[in-house]
Amino acid sequence: MPVQFDVDPLVSRLAETTAEFVREVVVPAERECGGSVHDAPESLRESLQKAARESGVFAPHVPARWGGHGLDLRGQAAVFEAAGYSLLGPLALNCAAPDEGNMHLLEKVATEEQKERYLRPLAAGEHRSCFAMTEPAPGAGADPRSLHTTATRVPGGWRIDGRKWFITGALGAGFTIVMARTSGSPGDPGGATMFLVDAGTPGMRVVRSIETLDEGFFGGHCEIVFEGCVVGDEQVLGAVDQGFAGAQVRLGPARMTHCMRWLGAARRAQDVALERAGSRTAFGSVLGDLGMVQQMLADSEIDIEASRALILRTAWELDTGSPAASQLTSVSKTFVAEAVNRVVDRAVQICGALGISAADAPLARLFRDVRPFRIYDGPSETHRFAIARRALKPYRQPGPDSAGPDSAGS
C-alpha cells in the first residue's frame, strides 16, 4: 500500500488558522509569563482555551462526538506543529500532554459511562488530567515492568498503595489514571491495571511539585502518594491485569504527538536564528554570509524537514494499523527528540548572548523545555535498544535471548 502524505485542504486551512492564532494570541501570553506555567493559575488556561474556541481551532484531535475536529494523526501532524510554535499553544488548543494522550486512551478503552464522566469534560477543557505510572527507583521508569504500586482487592473495589513521581500535570488535575500492579511481582511482563482516581479521593495526596529543568507543562511534574486509596470496580479502566496492553494504545500515538508539538518549537527557534543571521552584522558582513553559520542553518533545515517526513510516515502507519508502526514510533521519537535539541542548540549558538537571554528572545526557555524530551516517553537509549532488537529478530539464531524492556518502544 503506497504511503499517503496528502493533506486535506480543510486540515491545511486549520493549520494556517492555528499558526495565526498562536502568533497573535498565544505568543504574547507566553512572553508575559516567561513560559513558566508549572504553577500558573487556571484562569490563564481558561482564557487561552476560550480564545481558541472563538478562533475555531480548539480540540483538533478530539472526535466530533466530543466537540472536536476529529483529525487523524496525519492531520494532527500539521496542526500540532503549528500549535507547538509556542510552549502554550498546545495548552490553548487543549491538545497538550498529558491530556491529549489521556483523551485518546479514554476514547479507545473506556466504557460509555466512563467516557461521559471523564472524557467529555476533559475534551471540553472543564478540567485537566494526569497519567501516573513513573515511580521512584526501583519502581517503574523506562522499564514499566518494574511497577511497584499495588492495587489489592477489597469489598466493592480496590485499594491502591504506592508512590509515583514526575507525574506531569498532577497539580490541580481533576482525575488521575493510575497504573498499579494487581498480580505478579515487579519485573513481570503483565499483571498491571489502570484505574481512574478522582481528585480528592481519600488516600491520594500530591506531596510536592518537583522543580525541573523545563517549565512549560501546566500543572508541573509532581510526586503523588497513594495510601489506602480505595476506588470502586467501575473505576477500572480497561481489563484487570491488562494495563500494560491498554497503555500501549496511548503510548505510540502520544510519542508522535510529542514529536509534532516539539517540531513546532524547533521551527520557532530556527525562525529566530534566521532572523538574527539575516540582520546581525559582524566581521564586515551579515552572519548569514559566514560559512559556519550557513552550515548550522542548513543542518537545522535538514533536521526539521527530516523530522516532519518521519512524523508523517509514522502517523500514516499508525492511522492504517500497520505492524510497522511500533518500530517507527521508536525511530521517530528518538530521531525527532535529538533533532529538535540540535536545532534549538544551534539557534542559541547563532544568536550568541541574545540566545541565552531570558527576556529578549524565546530560545533560553525553548532550550530548557526541549532538553527533557530526550528522556520523556522513553529515553533515546531505551528506544535504541528496542529498535535494534526488532531489527535483529529475523536474523537471530536459535538460542538464549537476552532480556530487556521491549515495552519501552512498543
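The values are calculated or read from the model by the stated rules, or taken from the named source; none is laboratory data. These numbers were taken from a predicted model, which means no experiment stands behind them. Positions of Cβ are backbone-derived with ideal geometry, glycine not excepted, and every protein chain shown enters the neighbour counts. Keep in mind that these areas ignore ligands, DNA and RNA; they rest on the heavy atoms of the full protein, side chains included. Shrake-Rupley method; radii C 1.70, N 1.55, O 1.52, S 1.80 Å.
Counted by Cβ distance under 11 Å from R368, the other residues give a net charge of -1, where Lys and Arg count +1 and Asp and Glu count -1.
In terms of the Cα gyration tensor, with a ≥ b ≥ c the square roots of its eigenvalues, is the stretch 202-340 rounded because a/c is under 1.5, prolate because a/b exceeds b/c, or oblate? Cα axes put the stretch 202-340 in the oblate bin. Among the GluC sites (Glu not before Pro) in the stretch 36-142, those placed in a DSSP loop whose Cβ has at most 15 other Cβ atoms within 10 Å are E126. Between A96, A199, A180, the Gaussian network model of the chain with springs among Cα atoms under 10 angstrom shows the greatest mean-square fluctuation at A199.
Under the combined filter of DSSP loop state and at most 13 neighbouring Cβ atoms within 10 Å, the stretch 1-72 retains these chymotrypsin sites (Phe, Trp or Tyr not before Pro): F5.
Overall, the accessible surface of the chain at a probe of 1.4 angstrom is composed of carbon and sulfur to the extent of 56 percent.
Using the Cβ of V25 as centre and a radius below 11 Å, the other residues enclosed give a net charge of -2, where K and R count +1 and D and E count -1. A Gaussian network model of the chain, with springs between Cα atoms under 10 Å, assigns the largest mean-square fluctuation among G200, G252, G220 to G200. The residues of the stretch 322-382 present an accessible area of 38 Å² per residue when probed at 1.4 Å with all protein chains retained. Accessible surface area normalised per residue over the stretch 94-223 is 37 Å², counting heavy atoms of protein chains with a 1.4 Å rolling probe. Summing charges over neighbours of M194, with a neighbour being any other residue whose Cβ is under 11 Å away from its Cβ, gives 0 when K and R count +1 and D and E count -1. Excluding same-chain neighbours fewer than eight residues apart, the lysines reachable from K393 by a Cα-Cα span under 24 Å are K333. Excluding same-chain neighbours fewer than eight residues apart, the aspartates and glutamates reachable from K115 by a Cα-Cα span under 18 Å are D99, E100, E107, E126, D198, D233, E234.
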